[in-house]
Amino acid sequence: HAGMTEIELAWEIESHMRQNGSEPVSFPVICASGPNSALPHAKPTQRSINPGEPIVLDFGACVGGYTSDLTRTIYCEEPDSQFKKLYNIVLSAQQAAIEKIRSGMKASEADAIARSVIQNAGYGDYFGHSLGHGIGLEVHEAPFLGPSLKDTLEEGMVFTIEPGIYLPGWGGIRIEDDALLQNNGVVILSKATK
């Protein structure tokens, strides 16, 4: 997608969702490239996507009144060593949360699982948002999985698991999936390749 603008790529994603049944989209598509991707809720701009930089794509379809929320970070052309290193840290943080979140756990405990992986890798100061949030009829609803939140996670809740690292001037990486909490752990509802 080198040479496309962020707005063009965001529209391509939204168009694809609508052509495949999204009734509207859950929220305006976030497409942030290069240094813009260091802003977790960046709006797409006329900035051209350049080779050798990360692209954060955050989007969600709405079907039957229910929302989804998914983020993937890709690299324009061949990923460099820094991207690979940071991507693997974020992926490890997400996988740790997926493996360890259980019914009855406090939201802050869930957040701490992923946050500790990023902290131990030396990037704790660059994970500036909570681990996730509930999704359903609204794209942001309870439970909210943050460092100071004491809500108890219960079986049947659906929420995102979305750790990230954001380096000003370089860019960001976020991986987000939708999860259903069952009695024995979480089931990932998203099927997109990571």
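The values are calculated or read from the model by the stated rules, or taken from the named source; none is laboratory data. Keep in mind it's a predicted model, so treat the numbers as computed, not measured. Here Cβ is always computed from backbone atoms with ideal geometry, including for glycine, and neighbour counts include all displayed protein chains.
Values as computed for the structure displayed
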| read-out | value |
| --- | --- |
| Residue list for the stretch 166-186, restricted to those being under 22 Å from residue 33 (Cβ atoms) and either over 9 Å from the mean Cα position of the chain (by Cα) or among the hydroxyl-bearing types (Ser, Thr, Tyr) (or both) | 166, 167, 168, 169, 170, 171, 172 |
| Lone unmet requirement of (1) within 21 Å of residue 37 (Cα to Cα); (2) part of a helix (DSSP H, G or I) for residue 116 | (1) |
| Residue list for the stretch 63-99, filter: modelled with pLDDT of 95 or more, within 19 Å of residue 32 (Cα to Cα), of a type in the set (D, E, K, R) and surrounded by fewer than 17 Cβ atoms within 10 Å (Cβ to Cβ) | 84 |
| Number of the exception - residue 194 against (1) closer than 24 Å to residue 32 by Cα; (2) modelled with pLDDT of 95 or more | (2) |
| Hits in the stretch 15-47 (condition: crowded, with 19+ Cβ neighbours inside 10 Å, part of a helix (DSSP H, G or I) and at negative phi) | 17, 36, 37, 38 |
| Those residues of the stretch 124-160 which are in contact (Cβ under 8 Å) with a residue 24 or more places away in the chain and not in a loop (DSSP other than H, G, I, E, B), in sequence order | 126, 132, 133, 134, 143, 144, 145, 152, 158, 159, 160 |
